[in-house]
Amino acid sequence: MAKLIDRGQLQDLVARGAQLVEVLSAKEYEEDHLPGARSIPLRDINRESAASLDPHRPVIVYCWDSA
């Protein structure tokens, strides 16, 4: 189930092993991303890319926007 979290919750979840997934393009990922984040561009999310994630750990999906 999706829910919004704040910075403190993000830090706590990551400290407990959550997976970070950046969904912007690979180019934007290369420009800037959170430490430890994986790049899975939104247009590439499918069963195969989702299967690469650990189903036993929470997943935090995010994107940044410099605008």
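Kindly state, to the nearest 0.05, the FRET efficiency for D54 paired with K27, given R0 = 25 Å and r defined as their beta-carbon distance. Can you show the working numbers first?
Details: r = 26 Å, r/R0 = 1.05.
The pair D54/K27 has a calculated efficiency of 0.45.
Give, to the nearest whole percent, the P(r) tail of the chain beyond 18 angstrom, counting all Cα pairs.
For the chain, the fraction of Cα-Cα distances above 18 Å is 37 percent.
Could you check which residue among S25, S49, S39 shows the biggest mean-square fluctuation in a GNM of the chain with a 10 Å Cα cutoff?
S49
So for the pair A2, V61, with labels modelled 7 Å out along Cα→Cβ, what separation do we get in nm?
So the two model labels end up 0.6 nm from each other.
Laboratory data are not the source of any read-out in this text; all were calculated from the coordinates shown. Since the model is a prediction, treat every value here as computed from it, not as a measurement. Positions of Cβ are generated from backbone atoms using ideal geometry, with glycine treated the same way; all protein chains shown enter the neighbour counts.
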